[in-house]
Every structure is written in structure tokens, then in C-alpha cells.
Amino acid sequence: MHRLLAAVVSLLVTFVLGPFSTEGGNAVNPSLTTDGSQSENDNALLRWASSRFTGADLDLPAVYVAFHDQKEACAGHPGLFRDQPELRIDICGFFDFSTAAKKTMLHELAHAWAHENLSDREIEEFLILRGLEIWAGPLAPWELRGSEHAAEIISWALFDRELDLVTIPNAGPEAIEASYRILTGRSLPDR
């Protein structure tokens, strides 16, 4: 029953957002590529997330997106962004179009967007505003990394409905608005 519901949702999203092509991206965002082995639910998730960036006028860089059944490819996480040797996102363990899958996709795309769009000055301003000292690095706890705050704030702002932002501290409306403005140069998008 769960797979049937997921298939129906996927078909509806495909009908609304259009088909996905692995050759050069998709109709919503041609910079996103895959190996073509993803499911229709994966396609729907990628189309939905890229449309959220397009709708907020945030251009995504060329990034390769791979989907996996198990979390090993994502180092045990639901998603993983890497910038070497190319920009790459791995999404692991989702078989549906759930809130968690949507948030993970937005979060990882936000990492790619930030990597390609933020200047050193913007990163420093953001760190100061958030009260953080480190942008990224495996030695810092996740919640103390500026790159994770940025990805959480962007994914929260682009989500299609209001979500609690409980993964990072200092998540009040004014702090999130100011943080998003530093990151993007824009006001929070309308939902």
C-alpha cells in the first residue's frame, strides 16, 4: 500500500513538474545530472527540490546527484554533499516523497549552492551573525558548523510549508530572516 501511494504521488508530481532527463538535467534545472538509475520517486524528489530553488531565484551549479538504497554511500547519513573531485550529492535510503526526503534533498542542494555562490566575506558575516567560528570540517560538531547552519536555513526557507527548525540553535524568525538575507541577498521567499 505504501509503495502504491508513493507511485501515485510520483505520477502527480511528474504530471505537474514535467519529465526528468538524465542527459543534461531536467526541464526545471538543466544543471542537475544523474546516472539514470533512479526511481520515479527519486525523479519527483529532484524535480520538486530544483523547482524550489528556481522559484526562489537561486541558481544551482552543475551537480551530479546519485540515489542509493542504503546509507553506506552517504557515510551513514540520509544525504551527503561532496565538492571533490566534482560537485556531487548522494541521497540514501529514501523510497518515497516524504518530508524527510524533501528536506534532505533541499539541504544537500543548499550545500552545493553555498559552495558555488558564497564569498569569503559573506561566509564571515554569516559566521559572526550565527555566533560560530568554523564554516566546515569533520572535527567540529555538526551543529557548530556554519555550512550546516546555512544548509538548514536555506532548506527551511525553500520548503513548501512551515517546519520547525530544531536542528540548529538561534532559530527564531528574526535570526533566520537575517541569516537568509546574508546568504542569498534576498528576503525569505513566500511559501
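What follows is calculated from the coordinates using simple rules that are stated; it is not laboratory data. Since this is a predicted model, take the numbers as computed values, not measurements. Because the Cβ atoms are built from the backbone with ideal geometry, glycine has one as well, and the counts that use them run over all protein chains shown.
Projecting label points 7 angstrom from Cα along Cα→Cβ for TRP142 and ALA75 puts them 1.1 nm apart. Between 0 and 90 degrees, the angle of helix 2-17 with respect to the longest Cα principal axis of the chain falls at about 80 degrees. Compared with the dominant Cα axis of the chain, that is its longest principal axis, helix 40-55 is turned about 40°.
A simple packing score, the average count of other Cβ atoms within 10 Å per residue, orders the peptides 75-88, 173-186, 132-145 as 173-186, 75-88, 132-145, with the highest score first. Site pair ASP164 and SER39 shows an inter-label distance of 2.8 nm when each label is modelled 7 Å from Cα along Cα→Cβ. Eigenvalues of the alpha-carbon gyration tensor of the chain, scaled by 5 and square-rooted, set the equivalent ellipsoid semi-axes at 27, 18, 16 angstrom, largest first. Other residues with beta-carbon under 14 Å from the beta-carbon of THR104 carry, at +1 per Lys or Arg and -1 per Asp or Glu, a net charge of -2. The calculated 222 nm mean residue ellipticity attributable to helices in the chain amounts to -15000 deg cm²/dmol, summing -39500 (n - 2.57) over DSSP H runs of n ≥ 4 and dividing by all residues.
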